[in-house]
């Protein structure tokens, strides 16, 4: 049962990432799976139920990844306290893990592509796009750099300077450039930026 449900989610997400959420029907999803619509409905009530389950899975993946890399969670006060103890090396490791999450892991990569495709067609998709790929990461980085610099405007600028090139690299990765070259480009960017931050802190 579990494998079938997960197979439906992944198959639907592949279609959503290719053709867009609105353009894909339950008939297409079931046809791609080689099952009847009635068989699919035993696992999900409708297309919206499939989509909601995809978003839930993304949130679950985010939680698991944050836990694996010991990223601060809890109240604002607790997070701020934990941020102060984060090292540059930890930020480097997590930043590379995040990039691989959005590019190499199939489920997350397809989710990113679906949101990129749908962001101008739906307010809901636009908000999800901002949450996962634009405003969310920038705000996270801003909070992180604020606890290193103590300066809000400077922290925001650092967040943009750090995350902007990484965001651009998603497109370079999708364009089929040498994957190892892109990862090396990422590592060089993170390393250079880390040295800049360390220099600012002296």
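The values are calculated or read from the model by the stated rules, or taken from the named source; none is laboratory data. Just so it is clear, the structure is predicted and the values come from calculations on it, not from any experiment. As a convention, Cβ positions derive from the backbone with ideal geometry for all residues, glycine included, and neighbour counts pool all protein chains shown.
May I ask you to verify whether residue 181 is surrounded by fewer than 13 Cβ atoms within 10 Å (Cβ to Cβ) and without any contact (Cβ under 8 Å) to a residue 40 or more places away in the chain? Spelling it out, residue 181 is indeed surrounded by fewer than 13 Cβ atoms within 10 Å (Cβ to Cβ) and without any contact (Cβ under 8 Å) to a residue 40 or more places away in the chain.
On the stretch given as region 19-38, residues that are more than 19 Å from residue 52 (Cβ to Cβ) and not in a helix (DSSP H, G or I) total 3. Would it be correct to say that residue 120 is modelled with pLDDT of 90 or more, closer than 30 Å to residue 18 by Cα and part of a helix (DSSP H, G or I)? No: the conditions fail for residue 120. Residue count for region 150-164 under the criterion of being in a helix (DSSP H, G or I) and surrounded by fewer than 16 Cβ atoms within 10 Å (Cβ to Cβ): the result is 7. Of everything in region 85-98 that's closer than 16 Å to residue 63 by Cα and modelled with pLDDT of 85 or more, which residue is surrounded by the fewest Cβ atoms within 10 Å (Cβ to Cβ)? Per the stated criteria, the residue is 97. When each of 48, 14 is tested for being farther than 16 Å from residue 116 by Cα, within 26 Å of the chain's Cα centre (by Cα) and assigned to a helix (DSSP H, G or I), the lone residue that passes is 48. Only a single item in (1) modelled with pLDDT of 75 or more; (2) under 18 Å from residue 138 (Cα atoms) is not met by residue 79, and it is number (1). Count of region 129-147 residues, restricted to those that are crowded, with 20+ Cβ neighbours inside 10 Å and within 17 Å of residue 17 (Cα to Cα), is 1.
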